[in-house]
Amino acid sequence: MTVDVENTAPANFAERYESVLLPVIFQPWAREIVERAAPADGEDILDLACGTGVVTRQVVQSGVTPGSLTGVDHNADMLAVARHRAAEAGIEAEWLEADAGDLPFSDDRFDLAFCQQALQFFPDRPRALRELHRVLRPSGRAVFCVQRELDINPLLRSQAAALDAHVGTKAGEAVRAICGLPDAEEIRALFEEAGFRDIAVETVSLDLHHPDGRRFAAGAMGGMHTGDKLSRISQDQQQQCIDDFLAGLGDCFDGQAIRFPHVSNVVEARA
Ligand SMILES: C[S@@+](CC[C@H](N)C(=O)[O-])C[C@H]1O[C@@H](n2cnc3c(N)ncnc32)[C@H](O)[C@@H]1O
């Protein structure tokens, strides 16, 4: 069976992220980290590098009534989807375009900050964590998740290999960057140097799935944050790339559905 990559493609990366990647990957992680943080009524909550706002929506879905909700991202397209989805859900939140290294807030503004799958992409991680520490109140909490290495993440490993082979190593590199900060001790040191305390870093593996592996692959590999990866190659090559991706998943693909472990470090710390 073939899948038409173009017809699985919403207009831009942010829309594709929201419709393809979010339900399979980022929504389950949002549930995990919000449950761990257990936000309390009245808390001022920051969603750092919020993307399309899944963590903020999950906070509200958890039943809590926050004091305020604020999402920050440097990508205007992601924020546009975040605004739209929050408005649809009747969620009041402020969405701001800013760099993690230069947060537009006064000191001691938040009780709790989430940062889901983004620390690895920050060009200046020490600066971003110092900024976060500054805007958190004394004893305020930070909860992050950061993807672990490719070797134990079969979905990303297979995606990177298929993109290397069919699109080029730059395309594979974009996937490897997702696993660019896998080491718990390096993460702990970054938090310590930024002034955080009570730092816990724990490996967490979620069992994720999609009922149609081909459809997921076409959507997930066609558009990525570093640009469109598949449309520059022929339809035949696109199908070959998707076939190789699915074959590379081994037991995680049963011929129809995909089911895979998705492994990250979850960081909990206090300012
Ligand atoms: C994999 S997405 C995760 C988004 C969201 N946290 C989620 O769980 O769906 C990474 C996000 O980090 C954002 N990002 C990367 N570097 C950033 C920076 N220096 N400042 C602010 N946002 C950044 C990207 O724009 C993107 O939305």
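What the table below lists for this structure:
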| read-out | value |
| --- | --- |
| Every residue from the stretch 200-221 that is part of a strand (DSSP E or B) and within 24 Å of Asn12 (Cα to Cα) | His209, His210 |
| Any hit, the stretch 61-75, residues being among the charged types (D, E, K, R), within 14 Å of the ligand (Cβ to nearest atom) and buried (at least 20 other Cβ atoms within 10 Å of the Cβ) | yes |
| Residue in the stretch 27-77 that is nearest to Leu96 (Cα to Cα), counting only those that are assigned to a helix (DSSP H, G or I) and in contact with a Leu (Cβ under 7 Å, 6 or more places away or on another chain) | Thr56 |
| Hey, Leu190 within 21 Å of Ser264 (Cβ to Cβ), more than 17 Å from the chain's Cα centre (by Cα) and within 16 Å of the ligand (Cβ to nearest atom) or not | yes |
| Test set (1) under 18 Å from Thr56 (Cα atoms); (2) in contact with a Leu (Cβ under 8 Å, 6 or more places away or on another chain) - Cys145 fails condition number | (2) |
| Unique match (being at pLDDT 95 or above, surrounded by 18 or more Cβ atoms within 10 Å (Cβ to Cβ), within 30 Å of Gln239 (Cβ to Cβ) and touching a helix residue (DSSP H, G or I) at 6+ places or on another chain (Cβ under 8 Å)) among Val24, Val54, Val5 | Val24 |
| Residue match in the stretch 142-161 (condition: of a type in the set (Gly, Ala, Ser), closer than 24 Å to Ala82 by Cβ, crowded, with 21+ Cβ neighbours inside 10 Å and at pLDDT 95 or above) | yes |
| Cβ-Cβ under 6 Å pairs, at least 6 apart or on other chains, the stretch 229-251 side under 17 Å from Ala171 (Cα atoms), far side surrounded by fewer than 19 Cβ atoms within 10 Å (Cβ to Cβ) and of a type in the set (A, V, I, L, M) | Gly248/Ala161 |
| Single match in Ile242, Ile233 (criterion: among the β-branched types (Val, Ile, Thr), in contact with a helix residue (DSSP H, G or I) (Cβ under 8 Å, 6 or more places away or on another chain) and surrounded by 21 or more Cβ atoms within 10 Å (Cβ to Cβ)) | Ile242 |
| Top-ranked residue in the stretch 45-58 [being farther than 17 Å from Arg109 by Cα and more than 7 Å from the ligand (Cβ to nearest atom); ranked as nearest to the chain's Cα centre (by Cα)] | Gly53 |
| Strands (runs of 3 or more DSSP E) contained entirely in the stretch 78-185, each with at least 2 residues that are free of Cβ contacts under 8 Å to residues at least 60 places away in the same chain | 94-97 |
| Where a residue in the stretch 32-44 is closer than 24 Å to Asp107 by Cα and its partner, wherever it lies, is of a type in the set (D, E, K, R) and surrounded by 13 or more Cβ atoms within 10 Å (Cβ to Cβ), with Cβ under 7 Å and at least six apart | Ala37/Arg141; Glu43/Asp111; Asp44/Arg109; Asp44/Asp111 |
| Some residue of the stretch 205-220 being more than 25 Å from Thr56 (Cβ to Cβ), at pLDDT 95 or above, surrounded by fewer than 20 Cβ atoms within 10 Å (Cβ to Cβ) and away from the ligand (no atom under 16 Å from the Cβ) | yes |
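The values are calculated or read from the model by the stated rules, or taken from the named source; none is laboratory data. Everything numeric in this text was worked out from a predicted model, so none of it was measured. Here Cβ is always computed from backbone atoms with ideal geometry, including for glycine, and neighbour counts include all displayed protein chains.
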